[in-house]
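Before any comments, here is the structure.
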């Protein structure tokens, strides 16, 4: 059999029970520690511990598995029906997934923003002279945490918190993504009642950030549209309203998305609530998932409302996320 058979939920060693088999091997078992029912084949056979298509269980960079995992996450119920506790957790691959999810669009957007700054700088140097500094080039790489407000705008220059980029959907999504796993880990009664190992909460928390994928790539698209507009105006000499960006309606599309913050907040909140309810019901297999979910959902939603309020009060400018 090779590896030691353990309970998928609490990690309790099942070797003693397995060694007690003398005449037959049962198909199903129940953990004496946490009460989880499971199929012995899922516990005893290493080939059942891997889920084909899950990025966590892929090899090398695993781009196909990366996008497959993203597609699975669109429907949280389907995701947590596929991903089960007996599928072994690989921390390094799990954190690599999070890194690729966040770093790839951030790096792409930073390169595009730097290119836009260079074009403006290069065009200004050829005419009246440029007032762009190294801090302006650094702006694209500090997004979305810090920004440099240039003196040419009549304001004091220097690094500052980029409040205007923390629009309501970002604030609301980040608040719930942090609140749910945090609450699940600190509310000992809920987690210990089901003897859920913390590593399962970490797995759900990491995969629960997949809502950032479309949000970050929207920033990339928006940066690319801005770059295209700069090229048309400065390089090709087109007049405002007559560029291919305007003709194709790309800027109008970006503006439309930006003007519906409340809609995206509702959609995102619904997805996150469904994500954690599905996790408790289909993955962690809580005895009463709806009750446990309600205990955690109420404070999580309150945190989301607080985050939305902060964004609404301190958010600056209607332009971009």
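The values are calculated or read from the model by the stated rules, or taken from the named source; none is laboratory data. Here the structure is a predicted model, which means the values were calculated and not measured. For neighbour counting, all protein chains shown are included, and Cβ atoms are generated from backbone atoms with ideal geometry for every residue, glycine included.
Of the candidates 168, 134, the single residue that is surrounded by 18 or more Cβ atoms within 10 Å (Cβ to Cβ) and either at pLDDT 65 or above or assigned by TED's automatic domain parsing to the domain that holds residue 305 (or both) is 168. For the stretch 50-80, a residue qualifies if it is assigned to a loop (DSSP other than H, G, I, E, B), on the phi < 0 side of the Ramachandran plot and surrounded by 17 or more Cβ atoms within 10 Å (Cβ to Cβ), and the qualifying residues are 51, 54, 58. Being surrounded by fewer than 18 Cβ atoms within 10 Å (Cβ to Cβ) and assigned to a helix (DSSP H, G or I) is the filter here, so list the residues in the stretch 278-295 that pass it. Answer for the stretch 278-295, where residues must be surrounded by fewer than 18 Cβ atoms within 10 Å (Cβ to Cβ) and assigned to a helix (DSSP H, G or I): 290, 291, 294, 295. Report yes if some residue within the stretch 260-268 is surrounded by 19 or more Cβ atoms within 10 Å (Cβ to Cβ), assigned to a loop (DSSP other than H, G, I, E, B) and modelled with pLDDT of 80 or more; otherwise report no. The answer is no; no qualifying residue exists. Restricting attention to the stretch 90-112, the residues that are farther than 20 Å from residue 220 by Cβ and surrounded by fewer than 16 Cβ atoms within 10 Å (Cβ to Cβ) total 3. The condition (being within 30 Å of residue 136 (Cα to Cα) and at pLDDT below 95) is satisfied by just one residue among 40, 106, 21, 49: 106.
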